[in-house]
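Asker: Got a structure for you, questions after.
The values are calculated or read from the model by the stated rules, or taken from the named source; none is laboratory data. Please read all numbers here as calculations on a predicted model, not as lab measurements. For neighbour counting, all protein chains shown are included, and Cβ atoms are generated from backbone atoms with ideal geometry for every residue, glycine included.
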Amino acid sequence: MTDPAAQPYNTPSQPPSNNLVWGILTTIFCCLPLGIVSIVYAAQVNGKWQAGDVAGAQESADKAKKFAIWAAVIGLVLTALYVVLVVIVGIGGGLAEMDSSEF
C-alpha cells in the first residue's frame with residue numbers, strides 16, 4: 001500500500017478517462033478525420049499519466065473528448081442533410097414523373 005504522505009497534494013489517484021471508445025466510435029460512424037484526432041489524443045493520456053504529467057494527461061483527455069463530440073455533431077449534421085437531400089430529390093423526382101405522364 002502506498003503512503004498517502006508520499007503523493008503530491010491534489011493529485012488524483014486514478015488517471016482521467018481517455019475517451020478512447022468515443023474516439024473509435026466517432027471514427028467509425030461519424031467523422032473520420034476528427035475521430036482519428038480524438039484517438040491520437042486518447043492514446044496519449046495513459047502514457048502522460050504514467051510519466052507523472054497529470055496536467056498533460058488531463059489536457060489530452062479533454063481534447064480527446066472535445067474532438068469526439070465535434071465528430072459526433074458533424075456526423076449527425078451531415079446525416080440529417082443527407083436525409084433532407086434524399087427526401088427533396090425523391091419528391092422532385094416524383095413530381096417530374098407526374099408532369100411527364102400528363103402529356
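Asker: I need the full set of residues from the range 1-16 which are at pLDDT below 80 and loosely packed, with under 10 Cβ neighbours inside 10 Å, in order please. Write out each step before concluding.
Answerer: Start the filter on the range 1-16 by keeping residues that are at pLDDT below 80, which leaves 1-12.
Within the range 1-16, 1, 2, 3, 4, 5, 6, 8, 9, 10, 11 qualify.
Asker: Could you list all residues from the range 46-66 that are of a type in the set (A, V, I, L, M) and in a helix (DSSP H, G or I)? So that I can check it myself, show each step before the final result.
Answerer: Step one: list which residues in the range 46-66 are of a type in the set (A, V, I, L, M), which gives 51, 54-55, 57, 61, 64.
54, 55, 57, 61, 64 - these are the residues of the range 46-66 that are of a type in the set (A, V, I, L, M) and in a helix (DSSP H, G or I).
Asker: Tally up the residues in the range 17-46 that are of a type outside the set (Val, Ile, Thr), more than 8 Å from the chain's Cα centre (by Cα) and surrounded by fewer than 20 Cβ atoms within 10 Å (Cβ to Cβ), please.
Answerer: Adding up the residues that qualify gives 8.
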